[in-house]
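Working notes, beginning with the structure itself.
The values are calculated or read from the model by the stated rules, or taken from the named source; none is laboratory data. Source: prediction; values computed, not measured. Don't worry about glycine lacking a Cβ; one is built from the backbone with ideal geometry, like all the others, and counts go over all protein chains shown.
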Amino acid sequence: MAPVATAKRELEAGEAQVSARRRVEEEPTDCGDASAAATGKAAGKKTEEEFRNYTDSERHAIVEETYRKMHVNQTFDFVKGRRAKWLKFDHAEMTILDAIELLDGLVDDSDPDTALPNSIHDFQTAERIRKDWPGEEYDWFHLVGLLHDVGKIIALWGEPQWAAVGDTFPLGCAFSDKIVFPEQMQLNADSKHPVYSTEDGIYKPACGMNQLVMSWGHDEYMYEMLRKNGCTLPAAGLAMVRFHSFYPWHTGGAYMRFMGEGDDELLKWVKIFNKYDLYSKSDAMPDVQGLKPYYQSLLDKYGIGGKCRF
Ligand SMILES: [Fe+2]
Ligand SMILES: [Fe+2]
């Protein structure tokens, strides 16, 4: 098969659907049924239009409240403090597969699409990528599917969900109206800051996306964790880990003015990754035990097969 061409076509179709799906400007309705989260009910088979519903999903009350806390509390200074705390990587030493097993205890309160434990989602994403991009040439991409959410482990070590999961956005410049629940951003102290509230803020146009100070969560933690532990994934793979929740950029088209050399290529890959992250959530349950040897071989190949510092 020709996965690049196929994925590109699907990507273009998918993008239009994703933007149509983000009905975030509508007034939220009071749904309030948090029982799916409590019972661990599966997402079930959905049409693509039914993903990322921030208006009236059955998990709406939990999702909106998680974002409200995030948008009030994630300021530039908050992020600086969190980086100082977590990027010492003095919380644990263990293998990636052991960390994924720990994620069995986590249901993501920012996610309207699944109430399954996160470990299942990691294998679902990886396997859907592997199916479309088979072979050794793209095995790094399979591994990204497995790794992308492992940073959610910080939520099991005391980090509140609003500082661990959910969409991300940059600090130090004006908030975009493409951020989900955009009206909540007025409650963030940085929206009144003399520099951080200006369009470019502390950045220069075309400075490169890697310069951005992103809101604190599992994406940023895992990106830094992989670098710290000597992971040899290609730049596109690391960008997928770092920016996969940056919907205002990869799906909303905001913050484009900060893109620098090479960022076009990274954005292309982040977008390709996104549809696997999203649409695998209603896939069949993976045979986790049977899949472990293959993914351990990829962890070994990309330099993170042993115990890692978390
Ligand atoms: Fe994620
Ligand atoms: Fe994910």
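Taking the listed residues ASN188, ASN210, the one that is in contact with a helix residue (DSSP H, G or I) (Cβ under 7 Å, 6 or more places away or on another chain), of a type in the set (S, T, N, Q) and more than 16 Å from ligand 2 (Cβ to nearest atom) is ASN188, with no other qualifying.
One line per residue, one yes/no per condition, for (1) buried (at least 16 other Cβ atoms within 10 Å of the Cβ); (2) in contact with a Phe, Trp or Tyr (Cβ under 6 Å, 6 or more places away or on another chain); (3) of a type in the set (Asp, Glu); (4) on the phi < 0 side of the Ramachandran plot:
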{"residue": "GLU49", "(1), (2), (3), (4)": "no, no, yes, yes"}
{"residue": "TYR54", "(1), (2), (3), (4)": "yes, no, no, yes"}
{"residue": "GLY81", "(1), (2), (3), (4)": "no, no, no, yes"}
{"residue": "THR95", "(1), (2), (3), (4)": "no, no, no, yes"}
{"residue": "ASP109", "(1), (2), (3), (4)": "yes, no, yes, yes"}
{"residue": "ALA115", "(1), (2), (3), (4)": "yes, no, no, yes"}
{"residue": "ASN118", "(1), (2), (3), (4)": "yes, no, no, yes"}
{"residue": "ASP122", "(1), (2), (3), (4)": "yes, no, yes, yes"}
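Restricted to region 227-269, and to residues that are assigned to a helix (DSSP H, G or I), surrounded by fewer than 15 Cβ atoms within 10 Å (Cβ to Cβ) and in contact (Cβ under 8 Å) with a residue 40 or more places away in the chain, which residue is farthest from ligand 1 (Cβ to nearest atom)? Taking the candidates together, the pick is ARG257. Of all residues in region 112-127, how many are under 13 Å from the mean Cα position of the chain (by Cα) and away from ligand 1 (no atom under 14 Å from the Cβ)? Number of matching residues: 0.
A single member of ILE129, ILE120, ILE153 is within 14 Å of ligand 2 (Cβ to nearest atom) and either at pLDDT below 95 or of a type in the set (Lys, Arg) (or both), and it is ILE120.
From the set of residues in region 149-168 that are buried (at least 21 other Cβ atoms within 10 Å of the Cβ) and among the aliphatic types (A, V, I, L, M), which is nearest to ligand 1 (Cβ to nearest atom)? This residue is VAL165. All of (1) assigned to a helix (DSSP H, G or I); (2) out of contact with any His (no Cβ under 7 Å at 6 or more places or on another chain); (3) away from ligand 1 (no atom under 13 Å from the Cβ) hold for LEU146 with one exception: (3).
Given the condition within 17 Å of the chain's Cα centre (by Cα), under 26 Å from PRO117 (Cβ atoms), part of a helix (DSSP H, G or I) and not small (Gly, Ala, Ser), answer yes or no: does some residue in region 178-201 qualify? Checking region 178-201: not a single residue is within 17 Å of the chain's Cα centre (by Cα), under 26 Å from PRO117 (Cβ atoms), part of a helix (DSSP H, G or I) and not small (Gly, Ala, Ser). For a quick check of your reading of the model, give me the residue pairs whose first member lies in region 49-75 and is among the basic types (Lys, Arg) and in a helix (DSSP H, G or I), whose second is crowded, with 21+ Cβ neighbours inside 10 Å and modelled with pLDDT under 80, with beta-carbon atoms closer than 8 Å and at least 6 apart or on different chains. Listed pairs, sorted by first residue: none to list.
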